[in-house]
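To start, the structure itself, in structure tokens.
The values are calculated or read from the model by the stated rules, or taken from the named source; none is laboratory data. Every value quoted in this text rests on a predicted model; they were computed, and no experiment measured them. We place every Cβ from the backbone using ideal geometry, glycine too, and count neighbours over all the protein chains shown. To get the accessible areas, we keep the full protein, side chains included, count just its heavy atoms, and leave off ligands, DNA and RNA. Shrake-Rupley method; radii C 1.70, N 1.55, O 1.52, S 1.80 Å.
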Amino acid sequence: MPPGLDHLVQLQAADLRLIGLRERLSHFPTRIAEANARVEAARVQVTAAREAHVAALKDRKRYELDVEQWKEKAKKYRSQSFEVKTNEAYRALQHETQNAEAEMAKAEDRLLERMVSGEEYEHQIKAAERALAGTEAAVAAERREIEAEQAAAQKELEAAEAERAEAAAGVPEDLLDQYQRIAARRKGIGVTEVFKQSCAQCGVMIRPHVIQALGRDDNQEIFHCETCTRILYLPKSFGGAVSAAATGGPSTEI
Ligand SMILES: [Zn+2]
């Protein structure tokens with residue numbers, strides 16, 4: 001086989017692993033960001049519940065004042081009604097008193113409503129705080145897991161890079177150059193085996209004389225798939241002989 005082709009096949013395997021590992025590594029920041037966003041969302045819930053509670057307390061103060069004011073008014077009208085001289089004026093003040101009492105009752109209802117929902121807000125704050133604590137704990141555990149996975153993938157990446165460098169050292173420069181140009185255009189795959197007399201990548205049939213040549217020990221020529229241009233090799237030639245099945249013709253034992 002041509003010098004370095006076996007190393008090129010090893011290099012290809014390392015490159016494919018590297019592609020997969022880089023792809024995996026590229027997802028870790030997103031996964032961590034998503035986990036952090038869950039904590040942030042839970043924190044927003046706590047803030048919202050606290051703010052709603054503060055607003056409810058303010059409303060309550062306002063309604064308490066309302067109740068007081070209508071109560072004072074009713075009291076005032078009632079005392080005035082004892083001092084008036086005409087029936088007409090008396091009835092008018094009676095009417096004002098009733099009106100003030102009705103307003104007071106409405107204000108009391110609103111106040112009561114607020115007092116009830118104030119308790120609800122307290123429950124909501126506690127529930128949101130519990131949810132936040134739970135999310136924080138879950139996310140911390142998840143982050144540790146993600147970081148451990150990331151570190152492992154990083155280690156694998158370094159190992160694959162070392163393997164690649166070692167394999168690349170055994171490949172002549174022009175062959176490496178050819179491979180890299182093809183791989184860049186062809187989804188990272190620049191060299192491929194002949195499988196069932198076809199290019200294992202694009203499936204096109206390989207001419208028998210090419211398969212025969214690939215199988216010869218003394219072959220120094222680099223062959224490409226005519227369709228996808230990938231560099232071809234015969235797996236069996238790495239072991240020695242080419243079978244009749246691979247060539248499609250009589251056995252060409254070398
Ligand atoms: Zn092909």
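Structure data summary
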item: Leading residue by the ranking (nearest to Leu11 (Cα to Cα)) among those in region 206-233 that are within 10 Å of the ligand (Cβ to nearest atom) and open to solvent by 70 Å² or more (accessible area, probe 1.4 Å); result: His224
item: Pair list, Cβ < 8 Å and 6+ apart or interchain, from region 187-199 residues that are under 8 Å from Tyr233 (Cβ atoms) to residues that are within 11 Å of the ligand (Cβ to nearest atom) and of a type outside the set (A, V, I, L, M, F, W, C); result: Val191/Arg230; Thr192/Gln201; Thr192/Arg230
item: Matching residues in region 91-108 - criterion: being open to solvent by 100 Å² or more (accessible area, probe 1.4 Å) and under 27 Å from Tyr63 (Cα atoms); result: His95, Gln98, Lys106
item: Meets criteria (over 15 Å from Pro2 (Cβ atoms), surrounded by 14 or more Cβ atoms within 10 Å (Cβ to Cβ) and more than 15 Å from the ligand (Cβ to nearest atom)) for Lys236; result: yes
item: Glu88 being among the charged types (D, E, K, R), surrounded by fewer than 15 Cβ atoms within 10 Å (Cβ to Cβ) and either out of contact with any strand residue (DSSP E or B) (no Cβ under 7 Å at 6 or more places or on another chain) or touching a residue at least 40 places away in the same chain (Cβ under 8 Å) (or both); result: yes
item: Total residues in region 165-205, condition touching a Ser or Thr at 6+ places or on another chain (Cβ under 8 Å) and within 11 Å of the ligand (Cβ to nearest atom); result: 8
item: Of all residues making up region 187-205, the number that are of a type in the set (Gly, Ala, Ser) and open to solvent by less than 30 Å² (accessible area, probe 1.4 Å); result: 3
item: Among the residues listed as Ala184, Ala168, the single one being more than 20 Å from the chain's Cα centre (by Cα) and surrounded by 14 or more Cβ atoms within 10 Å (Cβ to Cβ); result: Ala168
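Matching residues to (1) assigned to a helix (DSSP H, G or I); (2) open to solvent by less than 80 Å² (accessible area, probe 1.4 Å); (3) modelled with pLDDT of 95 or more:
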site: Gln10; (1), (2), (3): yes, no, yes
site: Arg17; (1), (2), (3): yes, no, yes
site: Leu21; (1), (2), (3): yes, yes, yes
site: Arg38; (1), (2), (3): yes, no, yes
site: Ala42; (1), (2), (3): yes, yes, yes
site: Thr47; (1), (2), (3): yes, yes, yes
site: His53; (1), (2), (3): yes, yes, no
site: Lys58; (1), (2), (3): yes, no, no
site: Lys61; (1), (2), (3): yes, no, no
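Here's the yes/no breakdown for (1) under 60 Å from the mean Cα position of the chain (by Cα); (2) part of a loop (DSSP other than H, G, I, E, B); (3) at pLDDT 90 or above:
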{"site": "Lys76", "(1), (2), (3)": "no, no, yes"}
{"site": "Glu88", "(1), (2), (3)": "no, no, yes"}
{"site": "Asn99", "(1), (2), (3)": "no, no, yes"}
{"site": "Asp109", "(1), (2), (3)": "yes, no, yes"}
{"site": "Leu112", "(1), (2), (3)": "yes, no, no"}
{"site": "Glu120", "(1), (2), (3)": "yes, no, no"}
